[in-house]
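To start, the structure under review is shown below, and the notes come after it.
A short reminder: the numbers here are calculations on the coordinates, not readings from a lab. Since the structure is predicted, the reported quantities are computational estimates derived from the model, not experimental observations. Glycine also receives a Cβ, built like all others from the backbone with ideal geometry; neighbour counts cover every protein chain displayed.
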Amino acid sequence: MAEEQPIIENDQAGPAPRSSSMNILLMVVLILIAGVGGYFFQELISGNSESKAPSPLMQTQPVTTARPVSSAVGVMVPLEPFMVNLARTKGSRILKVTVTLELNNPAVQPEVEDNRQKIMDSILVLLSSKTFEDVYSIQGKFKLKDEITTRVNRFLAIGHVKEVYFSEFLIQ
């Protein structure tokens, strides 16, 4: 005559493993979300929104342009706004840019004024040859600044353009 002993259930044993496994699963999901969010944030900051794989050269050699540091501000020459259709868009994408040229010497300003129409034409042709992909990223904008500087400096004999500034840059 054996007495039946009541089975005592351990309330703490059942939920504890489920709770710790849920905590671990929650932590893994949060880490994944943070990683994906960090990746998209990095892509947004770097301006590489395309799904192209970067070349090995781009991964190991960041593109930087060495420029002499000058504390003195040169003469600023604003140009009229440019509005062009971007290349290969059949008129569906328009670029509006307002450019200001910083000259290295005040004596260059009359030369810029004398060649204003040639300079404007050269910049206009350059802008209309660009595609959306060429000018959308930050790197594309810096490259465009360098190309404008090179084109304008072709018309100048006394001095040169130190820097190009965009006061308006609109792609629609």
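Under a point spin-label approximation (7 Å from Cα along Cα-to-Cβ), what is the Leu170-Glu133 distance to one decimal in nm?
2.7 nm
Arrange the following residues from fewest to most other Cβ atoms within 10 Å of their Cβ: Val164, Val99, Val75.
The fewest-first ordering by Cβ neighbours comes to Val75, Val164, Val99.
Using a Förster distance of 45 angstrom, determine the FRET efficiency expected from the C-beta separation of Asn153 and Tyr39, and round it to 0.05.
Step by step, r from the Cβ atoms, then E = 0.65.
With a bin width of 5 angstrom, please list the P(r) values of region 75-171 as percents of all Cα-Cα pairs, from the 0 bin to the one holding the largest distance.
2, 14, 26, 25, 16, 10, 5, 1, 0
State the extension gain, in nm to one decimal, for the chain segment bounded by Thr89 and Asn23, taking 0.36 nm per residue of separation less the distance between their alpha-carbons.
18.6 nm
With respect to the cross-link table entries Lys96/Lys145; Lys130/Lys162; Lys90/Lys118; Lys90/Lys145; Lys96/Lys130; Lys90/Lys143, which display a Cα-Cα separation exceeding 19 Å?
Lys130/Lys162; Lys90/Lys118; Lys90/Lys145; Lys90/Lys143
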